[in-house]
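The values are calculated or read from the model by the stated rules, or taken from the named source; none is laboratory data. This one's a predicted model, so the numbers in the text were calculated from it and none came from an experiment. Quick reminder, even Gly has a Cβ in these numbers, built from the backbone with ideal geometry, and neighbours come from all protein chains shown. Quick note on the areas: whole protein, heavy atoms, side chains included, nothing else; ligands and nucleic acids left out. Shrake-Rupley method; radii C 1.70, N 1.55, O 1.52, S 1.80 Å.
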Amino acid sequence: MTSPIAGRVVAVTGGARGIGRDIARVLAEAGARVAVGDRDEPAAIATAAELSATEAESSGTAAESSGTVRGFALDVTDTESFRTFLAAVETLWGPIDVLVNNAGVMWVGPFDDEPEAATARMLEVNLHGVIRGVRLVAPDMRARGQGHIVTIASAAARLSPPGESTYAATKHGVLGYLTGVREELRGSGVRISVIMPGVVATDLAAGTDTGAAKLLEPADVARAVLRTIEHPRFEVTVPRYIGPLVRLAELLPQRLRDLTFRRMVPDQVAATRGSTARAAYERGMADPAGGDRS
């Protein structure tokens, strides 16, 4: 059966690695034309070439003729870069049907040890990057009467793990922003979705704990994105039980709520204390050649 996403034009931010790469792969396999945008342009181009070659092998066509995945430079913290990325995709394939806001970064540790540069980077990539993307694509989607904006947030949009205070604040902000935008776009034909996964096995989560939930793979999130595009919903948690469980816990008195969340939510200060597992990733946050990826 042909997927409803077949032939659609999809732009994925932070798509060279991790979750973004798997999103591009899964959507391309479903027949979408996928633009991989990343601050690390060579990595974006390489990822697109690898995914296109894989698609070509599976379909028995030449990689050059499949044209399902292309890589582009994209810095989500720069409006001109974002605008140029979107324009290049539209020139190649036409109007963008789906924007997947995936780019994200995370510093982990005690709130009072967090470097100012890390705070600024998380706010600019995780929150303002999403706002920038929505502002740039939503008006044209509304004018056409159709479109879908899917944002990869985090279970931290509902929870606040110790050691991830600023990261959680950016994800809470994303959910709050998109809740308002969704209402403004009601009846326009433009869909808004927020994917909120638990801890995923990527560089971003290196050295952290999963708490009561199991460790997810990037493919788990990618499949959730595909399902959400095919059957749109606003809030999607991965695994699915996280959403109802959090809502139920929020009905408890504060003392019981605190005890419940302490059992569910990982203490990332404790998990990363004395560890060097995140050192390379967090150095890369400030590297202009490094990609921003969830």
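For this structure, a couple of remarks:
- The set of residues from the stretch 186-199 being within 19 Å of LEU127 (Cβ to Cβ) and either open to solvent by 30 Å² or more (accessible area, probe 1.4 Å) or among the aliphatic types (A, V, I, L, M) (or both) comprises ILE192, VAL194, ILE195, MET196.
- Long-range neighbours under 9 Å by Cβ, at least six apart or interchain, first residue closer than 13 Å to PHE234 by Cα within the stretch 175-188, second open to solvent by 50 Å² or more (accessible area, probe 1.4 Å): LEU175/ARG158; ARG182/ARG191; LEU185/ARG142; LEU185/ARG191
- Listed by position, the helices (runs of 4 or more DSSP H) enclosed by the stretch 200-264 that each have at least 2 residues that are open to solvent by less than 80 Å² (accessible area, probe 1.4 Å) and β-branched (Val, Ile, Thr) are 218-230, 242-249.
- Among the residues of the stretch 1-50, those identified as open to solvent by 10 Å² or more (accessible area, probe 1.4 Å) and in contact with a Pro (Cβ under 8 Å, 6 or more places away or on another chain) are GLY18, ARG21, ASP22, ARG39.
- Residue in the stretch 122-135 that is over 16 Å from the mean Cα position of the chain (by Cα) and open to solvent by less than 30 Å² (accessible area, probe 1.4 Å) present: no
- Residues of the stretch 158-171 satisfying the condition of being farther than 10 Å from LEU123 by Cα and either modelled with pLDDT of 95 or more or surrounded by 24 or more Cβ atoms within 10 Å (Cβ to Cβ) (or both): PRO161, PRO162, GLY163, GLU164, SER165, ALA168
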